[in-house]
1. Among the candidates Ala19, Ala2, Ala86, which residue alone is modelled with pLDDT of 95 or more and either touching a helix residue (DSSP H, G or I) at 6+ places or on another chain (Cβ under 9 Å) or not in a strand (DSSP E or B) (or both)?
2. Which residue is surrounded by the most Cβ atoms within 10 Å (Cβ to Cβ), if the candidates are limited to the range 153-182 and must be of a type in the set (A, V, I, L, M) and assigned to a loop (DSSP other than H, G, I, E, B)?
3. Scan the strands (runs of 3 or more DSSP E) fully inside the range 230-298 and keep the ones with 1 or more residues being farther than 26 Å from Ile205 by Cα, over 33 Å from the mean Cα position of the chain (by Cα) and modelled with pLDDT of 90 or more.
4. If we scan the range 310-327, do we find a residue that is among the polar types (S, T, N, Q), outside any loop (DSSP other than H, G, I, E, B), under 27 Å from the mean Cα position of the chain (by Cα) and over 22 Å from Asn368 (Cβ atoms)?
5. Which members of the range 183-229 meet the condition of being modelled with pLDDT under 95, assigned to a loop (DSSP other than H, G, I, E, B) and under 12 Å from the mean Cα position of the chain (by Cα)?
6. Let me confirm something: among Glu70, Glu22, which residue is more than 18 Å from Val155 (Cβ to Cβ) and either surrounded by fewer than 16 Cβ atoms within 10 Å (Cβ to Cβ) or outside the structural domain of Met173 (by TED's automatic domain parsing) (or both)?
7. When you look at Ser39, is it assigned by TED's automatic domain parsing to the domain that holds Thr12, assigned to a loop (DSSP other than H, G, I, E, B), touching a residue at least 24 places away in the same chain (Cβ under 8 Å) and crowded, with 22+ Cβ neighbours inside 10 Å, yes or no?
8. Within the range 129-140, can one find any residue that is in a helix (DSSP H, G or I) and over 32 Å from the mean Cα position of the chain (by Cα)?
Amino acid sequence: MAQVLLKHLDKTYPNGYQAVCEVNLEIADGEFIVLVGPSGCGKSTTLRMVAGLEESTGGEIWIGDQLVNEIAPGDRDIAMVFQNYALYPHMSVRQNMAFGLKMRRTPKIEIERRVHEAAAILSIESLLDRRPRELSGGQRQRVALGRAIVREPKVFLFDEPLSNLDAKLRVQMRTEIARLHQRLKTTIIYVTHDQVEAMTLGDRIVLMDRGVIQQVDSPLNIYRRPANQFVASFIGSPAMNFFAGHVEQGTFKLAHANVNGAATHADSQHSVGIAVGNNVPSGPAVLGVRPEDLLVIDGTHGCPLGTATLEVVEHLGHETMVHFSLAGAQQVARLDADKNVKPGDPLPLGIRPGAFHLFSATDGQRLN
């Protein structure tokens, strides 16, 4: 096991495109860190630079107490699990798992021990003599995990390993990977575009956009206190609702929509007022509210937003999602499953007390 340290890591391609910009990150020994973000944000490029599959154009990569920038991938003491499994089709499961150890001239008895231990951990003992074509997608991914485990590396690298699996298998394999980390206690760097994987697996999440780290924090802290509007919009399903407006003397005034649906500042005397605190500077702002923090109000609780006409209602069994337009934008609220509503119904909405986020309308940074 080892800590991983990235110092001022950069990647700029010959055409001038900068995929990764000034990434500074300290990953503790035994920590499970998840790099997440939209396509093209630089997360996979960062992982590939740690693995040595991509050459950095600036900065330092440390694994343990060793600077590895000039060290070949095979000598970095890491193991990587890919999205496409990368199994040899002509080899058995046993041979696939043992191949890397054979290339390192590991004694045969040690190879057998490691292969059987990894197979037991992953419950694939009965598959050791099969070929990859005889396995399901989930079984192939277990074999790929087993091939990494037998290496007994300092660091595991996962590059979107569950993307090719169906929804049920993704949930199952997510649990398997979490159990694997609890058992092995090895440092893991995991790349995904799936925020559910990020939230459920990571000790910390590294959220990236356009090659820049936007926030590094625990899953709950990122969800509860996003550093900026981008983080707030990316983490959470359904996404956070945003309401345009402006702050005047510690009060947020909600903009109203004109006849074309665009948000405009309404007369202050008739705008919805939400107390946001005197420490928030006056000026244009964006109010963020999670779907579960929008309430149907009766005038006795919550901060009033206005009455919305429901456009789409989704009854999901354990909850009801309602979609509507308010303040010139499409919004969504998460209601109790027994809420009896239908499209066309008017719904007086408010915000759970204190459950809002305020961002600058100019640079998107958090204000409260």
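The values are calculated or read from the model by the stated rules, or taken from the named source; none is laboratory data. Predicted model, so just to flag it, every value in this text is computed and none were measured. Cβ coordinates were reconstructed from backbone atoms using ideal geometry, including for glycine residues, and neighbour counts include every protein chain displayed.
1. Exactly one of Ala19, Ala2, Ala86 is modelled with pLDDT of 95 or more and either touching a helix residue (DSSP H, G or I) at 6+ places or on another chain (Cβ under 9 Å) or not in a strand (DSSP E or B) (or both), namely Ala19.
2. Within the range 153-182, the subset of a type in the set (A, V, I, L, M) is 155, 157, 162, 165, 167, 169, 171, 173, 177-178, 180.
Next, from what is left, pick out any that are assigned to a loop (DSSP other than H, G, I, E, B): 162, 165.
Values: Leu162: 24, Leu165: 19.
My answer is Leu162.
3. Values: elements: 241-248, 251-254, 273-275, 283-289, 294-296.
In the range 230-298, 241-248 are the strands (runs of 3 or more DSSP E) which contain 1 or more residues that are farther than 26 Å from Ile205 by Cα, over 33 Å from the mean Cα position of the chain (by Cα) and modelled with pLDDT of 90 or more.
4. Checked against the condition, which is being among the polar types (S, T, N, Q), outside any loop (DSSP other than H, G, I, E, B), under 27 Å from the mean Cα position of the chain (by Cα) and over 22 Å from Asn368 (Cβ atoms), the range 310-327 yields at least one hit.
5. Once the filter is applied, which keeps residues that are modelled with pLDDT under 95, assigned to a loop (DSSP other than H, G, I, E, B) and under 12 Å from the mean Cα position of the chain (by Cα), the range 183-229 yields His193, Asp194.
6. Answer to the check: Glu22.
7. no
8. Yes; the residues of the range 129-140 include at least one that is in a helix (DSSP H, G or I) and over 32 Å from the mean Cα position of the chain (by Cα).
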